[in-house]
Amino acid sequence: MNKLKNRIAVTYSFKTIRNHVIIKGALLILGIILMQACHNSPNQNTSQVQDQEHPNITKLKNQSAEFIPEIIKLNDKVYVAVGYDGSNASMVIGDQGVVIIDALRALGAAEKVAQEFRNITDKPVKALIYTHGHLDHTGGTSAFIGHNKEVKIIARAGFKDELQERSPVEPILKQRNIRQFGRDLPAKDIINRGVAAGITPTDRAGKGYIAPNLTFQDSITLKLAGVDIQLHAADGETNDELFVWIPDLNTLFTGDNYYKSFPNLYAIRGSQYRDVKSWGESIQKMSTYPVEYLVPGHTRPISGKVLVHDNLKNYATAILSVYQQTIDAMNKGYTLQQTVDSVKLADSLINQPNLQEFYGSVPWGVRSIFLHYVGWFDGNPTNLNPLSSSQEAKRMAELAGGEDKLFQQLSAAVQKSDYQWGLELADYLLQTDYDRVKVTKIKIGLLRSLAAQQINAPARNYYLSYSYELEKSLM
Ligand SMILES: [Zn+2]
């Protein structure tokens, strides 16, 4: 069997075939037929394999139901616009007017929602609350309030601070952002962004932003449009995050500290440390309120005291458990990878619908916590002065018995659908003098095969985006 597989693997490389001793035509044909029949194998022309859909992809596709555009009447006084843009915007109706919570990103999308809200009530907007400073919640403000200076625009002190400073690594952050969100992917590859639709409006994105005119430190209670509203600082996805609690309506707005997905404790586009412990504690605090209606920053709202409580509880437990397991593993002297390997969600959490890793990922969160507390050195002296990548690659090739042998191992990994190992072997080969084009084509196929298994939208988008970049590099 192994022999057969090796022969199949050889079909990747016609040059290798020529350079090796004769392989009989019949065997080659058999190999090609088997190759085509083989499931999940990246093929030489690098097109994405059209196999039976992986269950994770089905789940990720089903998540798109969370972003179908709809104005949801949550209760008599609260309406939530879902799916008009990447995030949610809400309206709370009071005796003297309305309060808007979050303002979407694209002014064009915000104008549509503002019109929908006006169709429900023509009461004037008295206040607008930003749950945090991310552009997808702040870009469409003027659609709701025009430039009326009377309207209170409320946020936490330190609002947008973490976004203000221009990063010296802006160019690469931009590129990684494009990959994470799959912004340049062809339509056929787009499913969604985990907590937002795959494509979001671009009509005057961010152009309606207006800065807050009222900020607070820890918490504040205000009467806005005749409604008693409490705002509480709640560090989590950002350091300027707050939650909104309306006791008379038993309604809580979480900002981006909660949505229907395992939380994005670390963003692979590259982000500053998100305070994981505070994030868990913020959710824990929310779970102490008698919430009947929960409005997340993304994905559809939830109704029902028990359901809301259970969701908040398991979210907080999951976050704090990942945090604590990471800390404990670190204190045992585990290296970064050992720490990642050791941290798991409990069985009672792993199948919860609101903890599926559509957007965030447990191992990525663990890495982020680890690096936050100790920096790059993982504690193993082997890693104090490692070999250069090219040295390591050269020696791996030697260990395999030469570059051809290493390539055979790569082909075998492909055959076994051992995609991650395949990627690692491909990366070694790409640092040797071996046929770059041939290996790159296989890497492209591997990235696409991995993409076809991901429940996590950022991972899927990143694999695919990178595969197209590699494809371009071969042209
Ligand atoms: Zn958001």
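The values are calculated or read from the model by the stated rules, or taken from the named source; none is laboratory data. Because the structure is predicted, anything quoted here is derived from the model rather than measured. Neighbour counts are summed over all protein chains in view; Cβ atoms, including those assigned to glycine, are modelled from backbone coordinates with ideal geometry.
Could you go through region 359-379 and let me know if any residue there is within 16 Å of the ligand (Cβ to nearest atom) and crowded, with 22+ Cβ neighbours inside 10 Å.
yes
Out of the residues in region 245-276 meeting the condition of being away from the ligand (no atom under 13 Å from the Cβ) and of a type in the set (S, T, Y), tell me which one is surrounded by the most Cβ atoms within 10 Å (Cβ to Cβ).
Residue satisfying both the conditions and the ranking: T251.
So D433 fits all but one of (1) surrounded by fewer than 19 Cβ atoms within 10 Å (Cβ to Cβ); (2) assigned to a helix (DSSP H, G or I); (3) charged (D, E, K, R); what number is the exception?
(2)
Does region 84-106 hold any residues that are outside any strand (DSSP E or B) and crowded, with 24+ Cβ neighbours inside 10 Å, and which are they? Before you say what the answer is, go through the steps one by one.
First pass over region 84-106, keeping only residues outside any strand (DSSP E or B): 84-88, 94-97, 102-105.
Result: Y84, D85, G86, S87, N88, D102, A103, L104, R105.
Does region 295-314 hold any residues that are of a type outside the set (D, E, K, R) and away from the ligand (no atom under 16 Å from the Cβ), and which are they? Can you show your working first?
Here is the first cut: in region 295-314, the ones of a type outside the set (D, E, K, R) are 295-299, 301-304, 306-309, 311-312, 314.
Selection gives I302, S303, G304, V306, L307, V308, H309, N311, L312, N314.
All but one of (1) within 28 Å of D218 (Cβ to Cβ); (2) under 24 Å from the mean Cα position of the chain (by Cα); (3) part of a helix (DSSP H, G or I); (4) of a type outside the set (D, E) hold for A110, so report the exception by its number.
All conditions are met except number (1).
Among the residues of region 316-333, is there at least one that is hydroxyl-bearing (S, T, Y), buried (at least 21 other Cβ atoms within 10 Å of the Cβ) and over 24 Å from A196 (Cα atoms)? Working first, answer last.
Initially, region 316-333 is screened for residues hydroxyl-bearing (S, T, Y), giving 317, 321, 323, 326.
Adding the requirement that they be buried (at least 21 other Cβ atoms within 10 Å of the Cβ) leaves 323, 326.
So of that shortlist, the ones also over 24 Å from A196 (Cα atoms) come out as 323, 326.
For region 316-333, residues hydroxyl-bearing (S, T, Y), buried (at least 21 other Cβ atoms within 10 Å of the Cβ) and over 24 Å from A196 (Cα atoms): present.
Given the structure, is S390 farther than 30 Å from I283 by Cβ and either outside any helix (DSSP H, G or I) or touching a Phe, Trp or Tyr at 6+ places or on another chain (Cβ under 7 Å) (or both)?
Details: farther than 30 Å from I283 by Cβ: yes; either outside any helix (DSSP H, G or I) or touching a Phe, Trp or Tyr at 6+ places or on another chain (Cβ under 7 Å) (or both): no.
Considered against the rule, which asks whether it is farther than 30 Å from I283 by Cβ and either outside any helix (DSSP H, G or I) or touching a Phe, Trp or Tyr at 6+ places or on another chain (Cβ under 7 Å) (or both), S390 comes out as no.
This table checks each residue for (1) assigned to a helix (DSSP H, G or I); (2) free of Cβ contacts under 8 Å to residues at least 60 places away in the same chain; (3) among the aliphatic types (A, V, I, L, M).
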{"site": "Y428", "(1), (2), (3)": "yes, yes, no"}
{"site": "G445", "(1), (2), (3)": "yes, no, no"}
{"site": "S449", "(1), (2), (3)": "yes, no, no"}
{"site": "Q454", "(1), (2), (3)": "no, no, no"}
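Restricted to region 121-130, and to residues that are under 29 Å from the mean Cα position of the chain (by Cα) and in a strand (DSSP E or B), which residue is farthest from the ligand (Cβ to nearest atom)? Full working, then the answer.
From region 121-130, those under 29 Å from the mean Cα position of the chain (by Cα) are 128-130; that's our starting set.
Restricting the remaining residues to those that are in a strand (DSSP E or B) gives 128-129.
Values: L128: 16, I129: 14 Å.
Only one residue fits best here, namely L128.
Kindly evaluate V169 against the criterion of being away from the ligand (no atom under 16 Å from the Cβ) and either without any contact (Cβ under 8 Å) to a residue 40 or more places away in the chain or surrounded by 21 or more Cβ atoms within 10 Å (Cβ to Cβ) (or both).
Details: away from the ligand (no atom under 16 Å from the Cβ): yes; either without any contact (Cβ under 8 Å) to a residue 40 or more places away in the chain or surrounded by 21 or more Cβ atoms within 10 Å (Cβ to Cβ) (or both): no.
Answer is no for this residue.
Give R118, R176 a once-over and let me know the one that is at pLDDT 95 or above, away from the ligand (no atom under 16 Å from the Cβ), of a type outside the set (G, A, S) and over 26 Å from Y258 (Cα atoms). First the steps, then the outcome.
On the way: R176 fails: over 26 Å from Y258 (Cα atoms).
Result: R118 is the single residue among R118, R176 that is at pLDDT 95 or above, away from the ligand (no atom under 16 Å from the Cβ), of a type outside the set (G, A, S) and over 26 Å from Y258 (Cα atoms).
Please count how many residues of region 208-244 are within 16 Å of the ligand (Cβ to nearest atom), of a type in the set (D, E, K, R) and in contact with a Ser or Thr (Cβ under 7 Å, 6 or more places away or on another chain).
Looking only at that region, the number is 2.
Any idea which of (1) in contact (Cβ under 8 Å) with a residue 24 or more places away in the chain; (2) away from the ligand (no atom under 16 Å from the Cβ); (3) part of a loop (DSSP other than H, G, I, E, B); (4) not acidic (D, E) is the one G133 doesn't satisfy?
That leaves (2) as the condition not met.
Among the candidates L345, L349, L371, L320, which residue alone is in a loop (DSSP other than H, G, I, E, B) and either closer than 21 Å to S278 by Cβ or touching a residue at least 40 places away in the same chain (Cβ under 8 Å) (or both)?
Values: L349 fails: in a loop (DSSP other than H, G, I, E, B); L371 fails: in a loop (DSSP other than H, G, I, E, B); L320 fails: in a loop (DSSP other than H, G, I, E, B).
Of the residues listed, the single one that is in a loop (DSSP other than H, G, I, E, B) and either closer than 21 Å to S278 by Cβ or touching a residue at least 40 places away in the same chain (Cβ under 8 Å) (or both) is L345.
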